[in-house]
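Heads up, the thing below is written out as structure tokens.
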Amino acid sequence: MRRRERNPVGANIDLTPVLSTIVHIIPIVLIAVRFVTIVQQPIDARPLQASEAPSREVLDEQERERVVIRVLESGFRVRGVGEGETQLPCRAPCAPADYDYVALSDAMVSARAQHPAETQVVVAPDADVPYETLMGVFDAVTLRRDGTTVRPLFAQPMLVNGADEKPVPG
Amino acid sequence: MESTLIITSMVDMFTLVLLFLLVFYDPAFQSDTGLELPESATDMAVEKGPTVRVLPSGVEVGGRVVLVLDSGRIPGHTVMRGKAFADVIDALAPLRSPDAPPEGPSLVVECDRRVPWTVLGSVLESAAEAGFARYRFAAHGTD
């Protein structure tokens with residue numbers, strides 16, 4: 001009777017194709033992966049404390065000399081750059097990416113020149129403005145990047161309640 | 001005489017490395033909680049410390065959900081103290097460190113990019129009521 005042939009004891013499995021595949025996949029994954037870096041943006045929000053929270057009118061009176069950015073669903077309104085308010089409308093449909101952060105950064109450069117001693121800028125968001133838009137505002141008001149040059153602008157963004165559509169007097 | 005290169009150990013190692021990369025590679029850069037941080041151009045590394053996490057589904061303190069939100073909206077039955085969330089104040093108050101710097105204790109805020117200001121503002125009001133004077137907003141670095 002003929003016995004069925006089996007692999008002899010000690011036969012090696014040829015792992016070369018497996019190794020070759022893995023060696024190719026690892027560099028592809030390493031190139032594709034983008035390592036996540038968590039950074040932080042220090043924010044001043046002391047006026048939010050309930051006992052100190054100012055009304056819109058009080059804020060207007062106290063902050064008349066400050067740079068104020070209202071973040072509305074229709075775009076930005078900036079006070080403290082020239083006379084009155086500067087309107088920076090966003091493109092429809094006004095998603096976070098549709099806001100004009102470049103124009104806001106330009107306005108902050110002008111504001112910095114007009115208020116050289118000021119380190120704070122007031123950011124007053126509308127109720128429905130998402131956090132992503134606020135982070136874009138913080139980036140625009142704190143640093144100006146021109147290629148490899150980084151110029152500090154206003155180091156202390158200060159969040160307050162009270163954005164609305166009505167213009168600020170004076 | 002024929003010599004054999006034993007590559008079994010190397011295959012083992014590569015297999016483990018590959019599995020590690022595939023498991024921890026997250027193409028959407030999202031954690032398992034669904035938190036989507038916005039991007040920021042700042043390069044300041046985030047500090048460790050008391051953290052509040054604000055998601056469209058709720059507010060977490062120390063990994064525990066202390067307030068449930070309705071797709072980024074404040075439910076009508078939420079207990080408020082002024083503009084602050086009562087449950088968030090109670091959860092944050094014990095986290096305030098007694099040896100905080102003179103300018104006051106700081107709170108790391110991990111907020112989802114979709115959360116509206118009305119919710120984030122109330123969370124900050126709650127943090128202020130709990131004694132936190134400074135806030136550090138977390139974001140993904142762009143560099």
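Throughout, read-outs are computed from the coordinates displayed, never taken from laboratory work. Model, not experiment: these values are computed from the prediction. Methodologically, a virtual Cβ is constructed for each residue, glycine included, from the backbone with ideal geometry; neighbour enumeration extends over all protein chains shown.
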> Mind listing which GluC sites (Glu not before Pro) in segment B:56-134 are in a DSSP loop and have 12 or fewer other Cβ atoms within 10 Å?
Replying inline: B:103
> What's the exposure ranking of B:48, B:83, going from fewest to most Cβ atoms within 10 Å?
Replying inline: B:48, B:83
>> Sequence gap at least 6, Cα distance under 8 Å: using those rules, report the relative contact order of segment B:51-137 to the nearest whole percent.
In response: 34 percent
>> Taking beta carbons within 10 Å but only from partner chains, what does the mean come to for residues B:132-141?
In response: 6
> Fewest first, what order do B:6, B:89 take by the number of other Cβ atoms within 10 Å?
Replying inline: B:6, B:89
> Mind checking the mean number of beta-carbon atoms from other chains within 10 Å of the Cβ atoms in B:116-123?
Replying inline: 6
> What average count of beta carbons from other chains do you get within 10 Å of the Cβ of residues in A:20-27?
Replying inline: 3
> On a 0 to 90 degree scale, rounded to 10, what angle separates helix B:8-24 from the longest Cα axis of chain B?
Replying inline: 20 degrees
>> Using only the alpha-carbon atoms, how far is helix B:117-129 inclined from the longest principal axis of chain B? Give it as 0 to 90 degrees, nearest 10.
In response: 70 degrees
> If you bin the C-alpha pair distances of segment B:51-137 every 10 Å from 0, what whole percents do you get?
Replying inline: 19, 56, 22, 3
> Taking neighbour counts of Cβ atoms within 10 Å as a proxy for exposure, in what order, fewest first, do B:112, B:12 appear?
Replying inline: B:12, B:112
